[in-house]
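J.: Quick one: this structure, given as C-alpha cells, is what I'll be asking you about.
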Amino acid sequence: MEDKLEFDNIRRYHFVLLGFAQHKEVLAKLNQNMPFYRITQMGEIDTKEVVYDDPDSVLTDSGVVISKHYDGDKTTLNVSKLSALQGNMKRPSKDYHLGEIGKETEPKDLSLEISTAIESAFNASFTSDLDGLVKQTRPKIEITIKGTRYKIICGSGYRASMVFENATYKDVASKLKTELAGVTLELPAGRNIPENDEILKVIDRYVNELALYNLSRYEIAKKLLYTRPEELETTEETSEEEE
C-alpha cells in the first residue's frame, strides 16, 4: 500500500434512471445528440465497494469515507473527502487512492498509515484521535455494481467513460437492501475542459430518462438506506471545484 493518498483525477457524476426507462434508450439519445463523439462498449463489470465507519459514525459525519473496492482479483483501499456545503452549492467529493491491499486486510489493520495519510492530504488536524477512530472501523455499507462500461471518444483526443449500471446498496448490520438503476459518468477532472461541458449539456437537454444526483456514491447509499424515499432528491451539479 502507498504511504500517501493519491488524488483520483476523475470526476464522477451519478444519474438515476427514471420511471420505466431503459439503458438502451439513454444510449440511443446520446448517440443521436453527440455526432462528434464515438461511444464504444468496453465490456461488463461486476464490482463491490465496502464502506467502513466507526461505531458512532464520527468519520463519515466529519466527511471522511474509507472504503475497500473489489474489482476482480484486485482490492484497493480508497478515501473520499465529502463537501460540507449543502444544496446547489455542494461540491463533488474528492477521491483518493491508498493503493492495493490484501483481500482480507481491514482498514483497522493499517490505522496509523491511513490516519497519517489523511491528515497530510487533507491539510487539517482532527479534534478526535484519528488513529483511534480508524482502529474502530467496521463494515457499514456494501455497494455492488453490475453493468456495462462504455468509452466516450472524441477526435480531439478526449477520453471519458460511463457505466450503465444496476447497483445494490446493503446495510451490513440490518441486511436491508435496495436497488437503483442508473448511469455513472466518469469525466477527466479539471477546469476548462469543453468536452465535459458538452456531454453534461446533452444529457441535461435531451436525455430526460436520467436525473442527476449531486451526491457521492456513499451519500446515495446513506439516503436510500436510511431516508424515506420521498426525501431522496436530485439536484443540479455545479462545475466548480471545492477549494
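J.: Taking Ile66 as the residue in question, decide whether it is modelled with pLDDT of 95 or more, in a strand (DSSP E or B) and surrounded by fewer than 19 Cβ atoms within 10 Å (Cβ to Cβ).
T.: No, not satisfied.
J.: Does Ala181 qualify as being among the aliphatic types (A, V, I, L, M) and not in a loop (DSSP other than H, G, I, E, B)?
T.: Yes, satisfied.
J.: OK, next. Filtering the stretch 69-84 down to residues that are outside any loop (DSSP other than H, G, I, E, B) and among the polar types (S, T, N, Q), which residue is farthest from Glu119 (Cα to Cα)? Lay out the reasoning, then the answer.
T.: Going through the stretch 69-84, the residues outside any loop (DSSP other than H, G, I, E, B) turn out to be 69-71, 74-81.
Imposing the further condition that a residue be among the polar types (S, T, N, Q) reduces the set to 75-76, 78, 80.
Numbers: Thr75: 23, Thr76: 20, Asn78: 14, Ser80: 13 Å.
If we take residues in the stretch 69-84 being outside any loop (DSSP other than H, G, I, E, B) and among the polar types (S, T, N, Q), then Thr75 is farthest from Glu119 (Cα to Cα).
J.: Further question on the same structure: Answer with yes or no whether Arg191 is surrounded by fewer than 20 Cβ atoms within 10 Å (Cβ to Cβ) and modelled with pLDDT of 95 or more.
T.: no
J.: Taking Pro35 as meeting all but one of (1) in contact with a Phe, Trp or Tyr (Cβ under 8 Å, 6 or more places away or on another chain); (2) of a type outside the set (A, V, I, L, M); (3) free of Cβ contacts under 8 Å to residues at least 60 places away in the same chain, write down the number of the exception.
T.: Only one criterion in (1) in contact with a Phe, Trp or Tyr (Cβ under 8 Å, 6 or more places away or on another chain); (2) of a type outside the set (A, V, I, L, M); (3) free of Cβ contacts under 8 Å to residues at least 60 places away in the same chain is unmet by Pro35, namely (1).
J.: Moving on to the next point. Looking at the stretch 69-97 only, could you name the residues that are surrounded by 21 or more Cβ atoms within 10 Å (Cβ to Cβ) and touching a Pro at 6+ places or on another chain (Cβ under 9 Å)?
T.: Leu77 - this is the single residue of the stretch 69-97 that is surrounded by 21 or more Cβ atoms within 10 Å (Cβ to Cβ) and touching a Pro at 6+ places or on another chain (Cβ under 9 Å).
J.: Restricting attention to the stretch 166-206, which residues are of a type in the set (Asp, Glu) and either over 30 Å from Tyr226 (Cβ atoms) or without any contact (Cβ under 8 Å) to a residue 24 or more places away in the chain (or both)?
T.: Residues of the stretch 166-206 of a type in the set (Asp, Glu): 171, 179, 186, 195, 197-198, 204.
If the condition is that a residue be of a type in the set (Asp, Glu) and either over 30 Å from Tyr226 (Cβ atoms) or without any contact (Cβ under 8 Å) to a residue 24 or more places away in the chain (or both), then Glu179, Glu195, Asp197, Glu198, Asp204 are the ones that fit.
J.: Looking at Val58, Val16, can you tell me which residue is hydrophobic (A, V, I, L, M, F, W, C), out of contact with any strand residue (DSSP E or B) (no Cβ under 7 Å at 6 or more places or on another chain) and in contact (Cβ under 8 Å) with a residue 12 or more places away in the chain?
T.: Matching residue, one of Val58, Val16: Val58.
J.: Among the residues of the stretch 118-138, is there at least one that is closer than 20 Å to Ala221 by Cβ, of a type in the set (Val, Ile, Thr), at pLDDT 95 or above and under 17 Å from the mean Cα position of the chain (by Cα)?
T.: No, because not a single residue in the stretch 118-138 is closer than 20 Å to Ala221 by Cβ, of a type in the set (Val, Ile, Thr), at pLDDT 95 or above and under 17 Å from the mean Cα position of the chain (by Cα).
J.: Suppose the filter is within 23 Å of Val65 (Cα to Cα), surrounded by fewer than 20 Cβ atoms within 10 Å (Cβ to Cβ) and within 13 Å of the chain's Cα centre (by Cα); does Glu186 pass it? Full working, then the answer.
T.: On the way: within 23 Å of Val65 (Cα to Cα): yes; surrounded by fewer than 20 Cβ atoms within 10 Å (Cβ to Cβ): yes; within 13 Å of the chain's Cα centre (by Cα): yes.
Considered against the rule, which asks whether it is within 23 Å of Val65 (Cα to Cα), surrounded by fewer than 20 Cβ atoms within 10 Å (Cβ to Cβ) and within 13 Å of the chain's Cα centre (by Cα), Glu186 comes out as yes.
J.: Taking interchain pairs and intrachain pairs at least six residues apart, which have beta carbon atoms under 7 angstrom, with the first residue in the stretch 89-118 and in contact (Cβ under 8 Å) with a residue 40 or more places away in the chain and the second part of a loop (DSSP other than H, G, I, E, B) and among the small types (Gly, Ala, Ser)?
T.: Lys90/Ser83; Arg91/Ser83; Ser93/Ser83; Ser93/Ser216
The values are calculated or read from the model by the stated rules, or taken from the named source; none is laboratory data. In this text, all values refer to a predicted model and were calculated from it rather than measured experimentally. Positions of Cβ are generated from backbone atoms using ideal geometry, with glycine treated the same way; all protein chains shown enter the neighbour counts.
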